[in-house]
Ligand SMILES: CCCCCCCCCC/C=C\CCCCCCCC(=O)SCCNC(=O)CCNC(=O)[C@H](O)C(C)(C)COP(=O)(O)OP(=O)(O)OC[C@H]1O[C@@H](n2cnc3c(N)ncnc32)[C@H](O)[C@@H]1OP(=O)(O)O
Ligand SMILES: Cc1cc2nc3c(=O)[nH]c(=O)nc-3n(C[C@H](O)[C@H](O)[C@H](O)COP(=O)(O)OP(=O)(O)OC[C@H]3O[C@@H](n4cnc5c(N)ncnc54)[C@H](O)[C@@H]3O)c2cc1C
């Protein structure tokens with residue numbers, strides 16, 4: 001019962017209203033209520049049990065996922081859940097499944113790229129799950145380089161293999177297939193097509209198509225609930241109207257007609273999904289941080305006074321590893337909220353034929369997807385280490401979370417490839433300054449380039465680092481100077497592509513600096529708005545400062561080499577950071593309670609709400625099938641003869 005007492009004490013000492021913080025975390029009261037209701041619905045239904053996942057074989061695991069997905073769908077229909085409620089229910093089921101691709105990519109792709117007529121035909125089927133769709137873009141030989149996809153769609157197609165699409169291997173009946181459109185002998189580049197791949201009567205694969213699962217992936221269980229697939233086409237014919245024709249059409253005569261829109265709109269679903277992935281980064285990181293924080297408050301080692309050892313959360317090293325992750329989870333939440341706004345804004349503009357913010361939307365979603373997923377993947381692993389040996393047990397929830405999460409650094413665009421897109425955007429922005437083009441949105445700071453190139457940081461004492469405008473300017477100066485330096489060095493190359501290739505490691509660093517600036521800026525912006533709740537804003541201000549100053553500390557080389565700050569100012573930033581950690585310490589447990597995660601969703605004995613870790617860890621060990629018998633299978637074949645042999649040898 002020791003652990004129970006610890007967390008109750010932690011909760012009592014917090015200095016803000018956790019219920020108010022829950023609303024801020026969720027985004028609104030309504031969003032909180034939906035999430036709360038759906039998470040409890042899942043947690044209280046034994047059909048959604050997940051604690052036995054690690055003991056299942058791949059086939060059992062996959063069938064279990066199919067069962068849960070079908071059951072979840074039954075619940076959604078029975079309870080007449082709204083789209084938002086259904087999305088939250090699937091989220092809390094917490095098991096990657098073909099439905100993620102159906103609802104997350106297939107349906108959005110149809111909505112974004114279909115004509116009215118095509119929407120009328122396909123959307124009702126997809127909404128009722130009378131067809132199940134996946135997103136088949138990546139080929140065996142090409143993932144990042146979409147332009148070079150080899151699959152062609154002509155009247156006389158060649159053959160090729162798709163590789164990776166989730167939901168394809170065993171479940172989907174339809175796929176959005178990416179192929180280069182060839183008509184009248186001319187290649188018009190990559191387009192999306194709907195292709196039926198399985199029979200709607202008996203689920204058999206249609207003639208001319210070969211499909212399978214690509215095999216076991218990283219981690220035990222984890223993402224193996226997903227049937228990522230391989231697909232081979234051999235002279236498949238599809239009707240002309242299965243080219244999604246909102247932005248470009250092929251007439252009955254085979255004439256290609258391109259609407260007056262950027263061709264990059266065919267990549268629109270990727271922008272949508274990357275935005276979703278940023279929000280998801282805050283989910284995954286907050287979950288790991290919740291486990292590590294609660295456990296750090298329960299766990300005691302060394303420093304015994306009056307016979308009681310120190311809670312490991314009181315060690316300054318533990319705080320300096322854990323609290324930046326806590327701050328990052330909040331930072332990613334708010335930048336995700338802003339990205340949602342940006343996405344809605346760009347969508348409305350596109351509908352009105354205003355394409356001006358498309359490059360920024362692409363750069364922001366690509367860049368933020370990249371740095372939030374990288375930080376989250378590293379953060380989950382750090383949380384595992386923060387939990388010591390117990391963190392390595394699957395019952396901590398952390399190994400599975402890590403294994404499920406890490407591919408986010410690769411899917412929907414390899415992180416480095418995406419940062420290079422941001423770098424191109426930045427270099428272009430800098431070069432356009434010369435021609436007098438005024439940068440807007442997230443690059444507006446470049447419009448004050450002369451000031452940023454000349455300014456000096458005003459910090460004189462540690463508390464100055466709490467001033468948001470000083471912090472913001474330091475991030476702007478660092479980012480602007482890194483981008484300008486890259487642009488200068490690039491201009492020395494006669495061949496720009498060669499220069500870009502040569503300087504790409506520095507370009508990636510400049511892109512990271514720009515994206516971190518966005519995160520800091522959006523956190524500060526959030527705090528300038530109205531944030532109700534007793535003590536809530538104060539805590540968020542501390543977390544914002546921690547995120548900024550920790551990032552500064554981690555990338556000190558950039559800040560010093562660009563002369564943004566002096567070594568003395570860096571040392572003052574560290575002093576301030578230490579003081580902030582001490583201020584957050586009494587609130588740490590309440591700050592993770594604000595995520596409002598059920599024990600079912602956390603799936604972790606170390607992160608239990610009641611903190612009653614040890615008896616449950618002990619009980620869990622006995623549930624392992626390894627402990628079904630005291631003497632293991634294999635004793636008679638492999639252990640007994642060994643022991644007997646040693647006995648014989650010792651008698652010799
Ligand atoms: C599915 C639901 C997701 C939910 C997530 C939440 C998670 C929940 C729990 C997790 C469990 C399960 C869910 C798992 C879901 C996994 C889904 C994964 C699915 C996939 O991976 S699908 C395949 C994705 N593939 C990629 O992302 C490929 C990456 N490559 C590219 O995007 C591009 O090719 C490129 C590298 C960006 C560009 O290459 P290239 O230089 O060749 O570019 P182009 O010449 O074509 O264009 C240059 C020009 O165009 C601009 N541009 C490029 N892309 C875009 C864009 N998307 N929008 C706007 N503009 C774009 C570029 O900037 C250039 O502009 P310029 O000419 O310089 O002005
Ligand atoms: C779990 C999972 C689920 C997936 N689901 C789907 C799906 O549903 N549908 C689908 O179509 N695809 C899916 N994918 C595929 C995924 O989108 C691709 O794997 C991803 O886009 C990366 O492409 P790639 O594999 O070709 O990597 P590569 O491009 O081959 O990357 C390999 C290495 O090369 C580097 N590199 C590549 N190009 C450059 C460059 N220009 N400059 C510098 N470095 C470079 C990368 O940084 C990386 O280090 C999934 C992948 C995973 C892991």
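The values are calculated or read from the model by the stated rules, or taken from the named source; none is laboratory data. What you see is a predicted model, and the numbers here were worked out from it, not measured in a lab. No Cβ is skipped: glycine too gets one built from the backbone with ideal geometry, and neighbour counts run over all protein chains shown.
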Inspect the stretch 228-238 for any residue being farther than 25 Å from residue 123 by Cβ, surrounded by fewer than 18 Cβ atoms within 10 Å (Cβ to Cβ), within 16 Å of ligand 2 (Cβ to nearest atom) and touching a residue at least 24 places away in the same chain (Cβ under 8 Å) and give the result as yes or no. yes
Flag if residue 80 is surrounded by fewer than 19 Cβ atoms within 10 Å (Cβ to Cβ), free of Cβ contacts under 8 Å to residues at least 24 places away in the same chain and outside any loop (DSSP other than H, G, I, E, B): no
Do we have any residue at all in the stretch 202-214 that's closer than 30 Å to residue 421 by Cβ and either within 15 Å of ligand 1 (Cβ to nearest atom) or in a strand (DSSP E or B) (or both)? yes
Scope the stretch 334-377; condition free of Cβ contacts under 8 Å to residues at least 40 places away in the same chain and within 16 Å of ligand 2 (Cβ to nearest atom); matching residues: 377
In this structure, does residue 582 turn out to be in the same structural domain as residue 320 (by TED's automatic domain parsing) and within 30 Å of residue 11 (Cα to Cα)? yes
What single numbered condition from (1) closer than 30 Å to residue 97 by Cα; (2) within 14 Å of ligand 2 (Cβ to nearest atom) fails to hold for residue 424? (1)
State which residue is surrounded by the most Cβ atoms within 10 Å (Cβ to Cβ) when the search covers only the stretch 409-419 and only residues that are in a helix (DSSP H, G or I) and more than 7 Å from ligand 1 (Cβ to nearest atom). 419
In the stretch 386-409, residue farthest from ligand 2 (Cβ to nearest atom) [restricted to those that are farther than 29 Å from residue 270 by Cα and without any contact (Cβ under 8 Å) to a residue 40 or more places away in the chain]: 389
Could you count how many residues in the stretch 190-208 are away from ligand 2 (no atom under 16 Å from the Cβ) and surrounded by 16 or more Cβ atoms within 10 Å (Cβ to Cβ)? 2
Taking the stated definitions as given, is residue 140 within 14 Å of ligand 1 (Cβ to nearest atom), in contact (Cβ under 8 Å) with a residue 12 or more places away in the chain and surrounded by 21 or more Cβ atoms within 10 Å (Cβ to Cβ)? no
Return yes or no: is residue 383 crowded, with 18+ Cβ neighbours inside 10 Å and within 16 Å of ligand 2 (Cβ to nearest atom)? no
Members of the stretch 350-377 that are more than 13 Å from ligand 1 (Cβ to nearest atom) and either at pLDDT below 95 or part of a loop (DSSP other than H, G, I, E, B) (or both): 351, 352, 353, 354
Note on residue 118: of the conditions (1) touching a strand residue (DSSP E or B) at 6+ places or on another chain (Cβ under 7 Å); (2) over 28 Å from residue 45 (Cα atoms), unmet is (1)
Filtering the stretch 215-227 down to residues that are assigned to a loop (DSSP other than H, G, I, E, B) and surrounded by 24 or more Cβ atoms within 10 Å (Cβ to Cβ), which residue is farthest from ligand 1 (Cβ to nearest atom)? 227
Would the stretch 89-106 turn up any residue that is in a loop (DSSP other than H, G, I, E, B) and either in the same structural domain as residue 192 (by TED's automatic domain parsing) or more than 16 Å from ligand 1 (Cβ to nearest atom) (or both)? no
Residues of the stretch 601-619 being under 30 Å from the mean Cα position of the chain (by Cα) and more than 13 Å from residue 294 (Cβ to Cβ), which ones? 601, 603, 617
Tell me, please, whether a residue that is more than 16 Å from ligand 1 (Cβ to nearest atom) and exposed (fewer than 13 other Cβ atoms within 10 Å of the Cβ) can be found in the stretch 329-343. yes
When the stretch 455-482 is examined, which residues are found to be free of Cβ contacts under 8 Å to residues at least 12 places away in the same chain and assigned to a helix (DSSP H, G or I)? 469
Considering every residue within the stretch 143-159, establish whether at least one is in contact (Cβ under 8 Å) with a residue 40 or more places away in the chain, within 27 Å of the chain's Cα centre (by Cα), assigned to a helix (DSSP H, G or I) and near ligand 2 (Cβ under 10 Å from one of its atoms). yes
Can you tell me which of 109, 193, 178, 162 is assigned by TED's automatic domain parsing to the domain that holds residue 249 and more than 14 Å from ligand 1 (Cβ to nearest atom)? 193
Please indicate, with yes or no, whether at least one residue in the stretch 4-21 is surrounded by 15 or more Cβ atoms within 10 Å (Cβ to Cβ) and within 15 Å of residue 89 (Cα to Cα). no
Note on the stretch 285-305: residues surrounded by fewer than 24 Cβ atoms within 10 Å (Cβ to Cβ) and part of a helix (DSSP H, G or I) are 297
Residue in the stretch 425-439 that is in the same structural domain as residue 497 (by TED's automatic domain parsing) and at positive phi present: yes
Based on this model, can you work out whether residue 266 counts as in contact (Cβ under 8 Å) with a residue 40 or more places away in the chain, farther than 30 Å from residue 32 by Cβ, within 12 Å of ligand 1 (Cβ to nearest atom) and assigned to a loop (DSSP other than H, G, I, E, B)? no
